[in-house]
Each structure stands twice: as C-alpha cells, then as structure tokens.
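**Q** The structure's right below; bear with me while I get my questions together.
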Amino acid sequence: MASVGWIVSDSIRLLLILLVGLNNIFQLLTPDKVPPTKKTLHWGNMASCVATFIWFLGAHEPLYFGWQAFLIFGTLSMLIILLTALYISYVLAIAQYAAVNMSKKLPKNMPMMYKTTAWVSIILNLAAVVTTIVTKDNRANAIRHAASLIIVSFAAPYAEISFLRLRKVLQAIHGSLSHSIADSSRPASLSRIKPNDASSHNTLPSPLEPIPPSLEGDKSSQPSLTNLQTMPSPKREVSCRDLHADSKANLTGQNHSQIRTTKSDSKLGGYHLSHKITSSSTHLSGKNKEAKKKSTKIRRARAVVKRINIYIRFIPIIGTVIFLCLLANAVTQILYGGNYDEEVANESQTYNLLTDISQYLTIVAIQCCQYYAMVRAPEPIQNFLDRFFGFECCRDEDE
C-alpha cells in the first residue's frame, strides 16, 4: 500500500528535478560561446537529471519498479553526480594552480590522483551493485557507500581550498584594477592646453594708438614742404588736396593689407588651437575607453568573487551532510546486515524521513554542479527570467 508521505514527497522531488533538468536544457541551448569544460559539465548534469528522475519515479509505491531498479538507478545517479563534482574539483585545481603559479600544467601526481580516485570509485560501485544483486546482502551494498565516501572526502576539501586561493588572487587583482581605474579616470583639464602664440595676432591696432611706421608709407615719394611753397597758390591748393587723397588711399591700402595678414594669422592660430583641443579630446576618449574596459574587468571579477563566496559558504555544509549520510548508511549496513531486497521493499511502502532527506540532498548536489557551469539561457527565456525573477544569470561574467 502506498504511503501518503511518499506520494507527496516524491511528487515534490519529481517536480524539482524536472525544473533542474529544464534549466540544464536551457544551458545546453545557450547562444553564448561555452568553454569545453562547461559543456562537459552540462552533459554530465543532464545525465544525472535523467537517472535521478527515473530513480525517484520508481523508488516507492504506487510506481515501485523493484529493488534492482532502485539499486541500479540510485547508484547511477549518485555516481554521475560525484564524478561531475570530482571534475569540477579538477578544473578548480587547474585554475588555482594557474592563478598562483602562472602555469596551467599541474604537477604530474595531481592528474593521476584524480584519475585514480574516479576509477576506484567506478570499479567499487560496479562491484557493489553486482554483488548486492547476486547476494541480496546489505553488507555488499555498504561497499557502494564507501566508494562514494572516497570521492566526497577527496573532492570537497580540495574544492574548498581551491576556492579560497582563487578568491585571494581575484581580490588582489580587483584591488589593483580599482586603483588603476581611479588614476586613469582623472581627465586632463582643458585649461592646461595653451593656445598657439599666433593667437596673439588676433588683436588689431587700436585707433587710439599712433600709426606704426610700417603704415606711414614711403616718405621719399611725398613732396617736401619747400617744393610745395615754390608752387603757385591755386595749384598748391589742388596739389595739397591730391596729395592728401593719395596719402589717405596709400594708408588705407596698407592698413587693409595688414588687417588681412592679421586675420590669416588669426585663422592659423585658431587652427593650431583647434588641433590641440581635438588631439586632447582623442586622448581623453582613449583613456575613457581604457577605463571602461577596466571597469568591465572589475565587474566580472566581482561577479566571480560573489559566486566563489557562495561556494565557500555552502561546500562545507553540503559536503559534511552528504558525508555523514553516506557514513551512517555504510556503518549501519555493515553492523546490522540484513536482506537488501526486503529492506527496500518495506521502505517503498513506509515513509522514512532520513531516506527522504538524503534523496533531497541529491537534488541539491545536482544544482550545485549546475550552478558552477551556469551560462545565459536563450534570449527570450533569459528576458523572462530577468523580468519576473530578477535572475540575471552570469550577465556580468559573459558580457
């Protein structure tokens, strides 16, 4: 007979794992260029979602698939999740080693340790499943939990250490970028630009000032006073008027010539001044672009540090809870033994709080792996998430 507790809890868990799987499909359909590591994590998360959904669907009445299916899909789900977490730990090891030592090439023993841990866990899980199906003994099933403990004990602490080191490096980079952008964001004042010396020609001679010698004309061409006195008086009057007109015309012509020269010099000085202002504006525009790039780097660094802080807080909690659950199951099955098939069949009808909590932890573990590889969803879906949930996924990192 089906338990009401299992019906309610299984329905909630199936809905949650469907949402997680749907989100993972959005990640696979992202329009952004995704690194190969994140692509691998997306497919790993998709496989764990499928295996976990089938496991939850047939774990309890009224859709109980049998104890063999419960064992196989439960083992497959947990193994894929743990191997994905181990891969994340490996990627973090490369990232923090490159940040600290300026080299992506890990020491030779590190890749070997990760490969050995993965293969040992796979072999032990496979051996535990086959032995449990053959013997139906709980002690054989304890080997499966022990194999999972190996990965949790290795991956969780090393991931925590890697996140701490990465945060330290990124905070140092963020500080240096903040100082450099503060220095580059001070624009040079236009008041420092000195006008060209040619601009001093912009001022024309004042009418109150005496006419310069250059504007007086050639004195040798003008008749002397003695010559004027020897002329008859009528002619002298006409000559005086003519000479006065000629002198005025000569003076006006030379004055206009000087004004045209002054205006051309003024234009030349204005050109130099305009050229200097344009050059300074271009220089300031280049500085603003450089400051904008540094500001983008700071924003991305802050987004990465924010995500790292989340992992630093939750990895110890989640890792410790999963470790204790696996350890408790392994110790209990080793000490008390019993038939695995009968225990699973009884549990499919009777609600068990501890088993229920451990299965919810499976969804939490998948979501943690998915959050690490999170990218932007396709544009219409991402706009919907931004509008209704304020879920601006990786906008600062991937722009």
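The values are calculated or read from the model by the stated rules, or taken from the named source; none is laboratory data. Predicted, not measured: the structure shown is a model, and the values here were computed from it. FYI the Cβ positions are ideal-geometry reconstructions off the backbone, even for glycines, and counts take in every protein chain you see. Heavy atoms of the whole protein, side chains included, go into the accessibility calculation; ligands, DNA and RNA do not. Shrake-Rupley method; radii C 1.70, N 1.55, O 1.52, S 1.80 Å.
**Q** Please go through the range 342-360 and give me each residue that is in contact (Cβ under 8 Å) with a residue 12 or more places away in the chain and open to solvent by less than 30 Å² (accessible area, probe 1.4 Å), ordered by number.
**A** Val344, Ser348, Asp356, Gln359
**Q** Is it the case that the range 30-38 has a residue that's assigned to a helix (DSSP H, G or I) and not basic (Lys, Arg)?
**A** If we filter the range 30-38 for residues that are assigned to a helix (DSSP H, G or I), which is where we start, we get 36-38.
Among the residues that remain, those that are also not basic (Lys, Arg) are: 36-37.
Within the range 30-38, one or more residues are assigned to a helix (DSSP H, G or I) and not basic (Lys, Arg).
**Q** So which of Ile94, Ile81 ends up being farther than 17 Å from Val344 by Cβ, within 31 Å of the chain's Cα centre (by Cα) and open to solvent by 40 Å² or more (accessible area, probe 1.4 Å)? If you could, list the steps in order and put the result at the bottom.
**A** Working: Ile81 fails: open to solvent by 40 Å² or more (accessible area, probe 1.4 Å).
Sole residue among the options that is farther than 17 Å from Val344 by Cβ, within 31 Å of the chain's Cα centre (by Cα) and open to solvent by 40 Å² or more (accessible area, probe 1.4 Å): Ile94.
**Q** Right, here's the next one. Can you name every residue in the range 43-74 that is open to solvent by 10 Å² or more (accessible area, probe 1.4 Å), more than 20 Å from Thr350 (Cα to Cα) and touching a residue at least 24 places away in the same chain (Cβ under 8 Å)?
**A** Gly44, Met46, Ala47, Val50, Phe53, Ile72
**Q** Scan the range 18-42 for residues that are farther than 25 Å from Phe65 by Cβ and open to solvent by 40 Å² or more (accessible area, probe 1.4 Å) and report the count. Break it down stepwise before answering.
**A** Our first condition is that a residue be farther than 25 Å from Phe65 by Cβ; within the range 18-42, this holds for 23, 26-42.
Retained after the next criterion (residues that are open to solvent by 40 Å² or more (accessible area, probe 1.4 Å)): 26, 29, 31-33, 35-37, 39-40.
Residues in the range 18-42 being farther than 25 Å from Phe65 by Cβ and open to solvent by 40 Å² or more (accessible area, probe 1.4 Å): 10 in total.
**Q** May I pose another question? Taking the conditions exactly as written (over 30 Å from Leu170 (Cβ atoms), in a helix (DSSP H, G or I) and modelled with pLDDT of 90 or more), does Phe65 satisfy them or not? Break it down stepwise before answering.
**A** Numbers: over 30 Å from Leu170 (Cβ atoms): yes; in a helix (DSSP H, G or I): no; modelled with pLDDT of 90 or more: yes.
It is false that Phe65 is over 30 Å from Leu170 (Cβ atoms), in a helix (DSSP H, G or I) and modelled with pLDDT of 90 or more.
**Q** Residues to consider are Ile25, Ile54; find the one that is farther than 16 Å from Arg376 by Cα and of a type in the set (A, V, I, L, M).
**A** On the way: Ile25 fails: farther than 16 Å from Arg376 by Cα.
Ile54 is the lone residue from the list that is farther than 16 Å from Arg376 by Cα and of a type in the set (A, V, I, L, M).
**Q** Would you confirm, using the coordinates I've provided, whether Trp6 is among the aromatic types (Phe, Trp, Tyr) and out of contact with any Leu (no Cβ under 9 Å at 6 or more places or on another chain)? Steps first, please.
**A** Numbers: among the aromatic types (Phe, Trp, Tyr): yes; out of contact with any Leu (no Cβ under 9 Å at 6 or more places or on another chain): yes.
Here the answer is yes, as Trp6 does meet what is asked.
**Q** How about the range 106-136: which of its residues are open to solvent by 40 Å² or more (accessible area, probe 1.4 Å) and modelled with pLDDT under 90? Before you say what the answer is, go through the steps one by one.
**A** From the range 106-136, those open to solvent by 40 Å² or more (accessible area, probe 1.4 Å) are 107-109, 112-113, 115-116, 119-120, 122-124, 126-127, 130-131, 133-136; that's our starting set.
Correct list: Pro107, Lys108, Asn109, Met112, Met113.
**Q** Here is a further query. Condition first: part of a helix (DSSP H, G or I) and free of Cβ contacts under 8 Å to residues at least 12 places away in the same chain. Now tell me which residues in the range 98-110 satisfy that. Let's see the steps before the verdict.
**A** Initial filter on the range 98-110 (part of a helix (DSSP H, G or I)): 98-101, 109-110.
Result: Ala98, Asn101, Asn109.
**Q** Still on this structure, please answer the following. Out of (1) modelled with pLDDT under 95; (2) closer than 17 Å to Asp356 by Cα; (3) under 33 Å from the mean Cα position of the chain (by Cα), what's the single condition that is false for His60?
**A** (3)
**Q** Go through Val321, Val375, Val364 for me and flag whichever is more than 17 Å from Ala156 (Cβ to Cβ), open to solvent by less than 70 Å² (accessible area, probe 1.4 Å) and at pLDDT 80 or above. Steps first, answer last, please.
**A** Values: Val321 fails: more than 17 Å from Ala156 (Cβ to Cβ); Val364 fails: more than 17 Å from Ala156 (Cβ to Cβ).
Only one candidate passes the filter, namely Val375.
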